[in-house]
């Protein structure tokens, strides 16, 4: 079975690399012509920069993936996990403390190994293409804060989960599922006020008249939001974005200061109308409900398989592997089993995005404003305007920019022809 799983892993990995290859080849072949609707914002020089940025980012991502997969092979198929398991066992005899140390040290090792790639991406690639505004000191501060917060949250989650496993050996799967679901909801409430301000400064929107236009649009949609804020994203990057955060009465809108400085009010309102569409069409709750149902099924399957003595043997590992070690093995096997669902998940996400675009166009009555915003975002972020259809099918949660803009402008000008449907 070990050989079979190794070959399956190799096949899935090779397929992923093949998708990367055809995507870059597609870009090289078609990436020299300005797409219809992008004229005036994207020119030949911008296309060259976009292609170079995509190639550089993809090349770094490939090297990082190769390193990660090499370490994964050594750790799981080379038996290093069994040695690591015994090492952690020598540090603590406590069931809960053992699990905490097992996952914490793995997380720290992964973070440390990723530092060279993150530094290169930030201070070489992002800087080369004019995006990075972060200083080494700020990067280090963000990294340390992320590790501290992540370690505290991971410790809490692992301690609670393994405490529940010890308390209810036959029913832990439903208790752990319930706790994780409640914890996720709690984080949605407190993150905007406790965690996010540790990294960025938030303040009321200062652009004159913008908040009034946003609130008028929100009122028209019948959606209440607590506050409309702007974030000092420009301290770290020149990339632009906007997002909704929080849940219930603590919902708020956050605009990057870079977005405010580059877009008209109509374009900003259109982008936010898209986000409102996700709320009004129930996409947020549908995704949460689907995720929780899948998590419940996963918890029950995990409960059944983690107690199976043959689980470690699937990768040629000893049967006395600890419960945390078995969880790592199960996570790996599960990722291979779930891989065929990747394009389905991406397709459902793209469907929701199209529905939200339609909602925004109807709400504002200005689909051209959203199309214009998408063109600007694509140009300013040096997005790949020519993804291969197969690559997009597996990896794109949003419709490709050119397709999205063409659809929006078709709604704005229904008489232009069938290509704009």
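Just so it is clear, none of the values below were taken in a lab; they were calculated from the coordinates. Please read all numbers here as calculations on a predicted model, not as lab measurements. Cβ placement follows ideal geometry from the backbone for every residue including glycine, while neighbour counts extend to all protein chains displayed.
Observations
- Among 232, 43, 320, the largest mean-square fluctuation in a Gaussian network model of the chain, built with springs joining Cα atoms closer than 10 Å, belongs to 320.
- Cα-based helix-to-principal-axis angle, 401-412 vs the chain, degrees rounded to 10: 40 degrees
- Taking Cα atoms only, the orientation of helix 95-120 departs from the longest principal axis of the chain by about 40 degrees.
- Taking the helices alone, the chain has a mean residue ellipticity at 222 nm of -22500 deg cm²/dmol, built from -39,500 (n - 2.57) per DSSP H run of at least 4 residues and averaged over all its residues.
- Placing a pseudo-label 7 Å from each Cα along the Cα-to-Cβ vector at residue 45 and residue 160 gives an inter-label distance of 5.3 nm.
- Given R0 = 25 Å, the distance between the Cβ atoms of residue 138 and residue 187 translates into a calculated FRET efficiency of 0.55.
- At R0 = 60 Å, FRET efficiency that the Cβ-Cβ distance of residue 95 and residue 266 yields, to 0.05: 0.55
- Rounded, prolate or oblate (a/c below 1.5 giving rounded, otherwise prolate when a/b exceeds b/c) for the chain by Cα gyration tensor: prolate
- A Förster distance of 25 Å, applied to the separation of the beta-carbon atoms of residue 18 and residue 63, puts the FRET efficiency at 0.90.
- Hypothetical label at residue 348: residues of segment 373-394 whose amide nitrogen lies under 18 Å (7 Å Cα-Cβ projection): 393-394
- The chain: angle of helix 44-72 to the longest principal axis, Cα-based, in degrees nearest 10: 10 degrees
- Model label points for residue 292 and residue 148, set 7 angstrom from Cα along the Cα-to-Cβ axis, are 3.3 nm apart.
- Residues 263, 229 in ascending order of nearby Cβ atoms (within 10 Å, fewest first): 229, 263.
- Straightening the chain between residue 355 and residue 203 buys 51.6 nm, computed as 0.36 nm per residue apart minus the Cα-Cα spacing.
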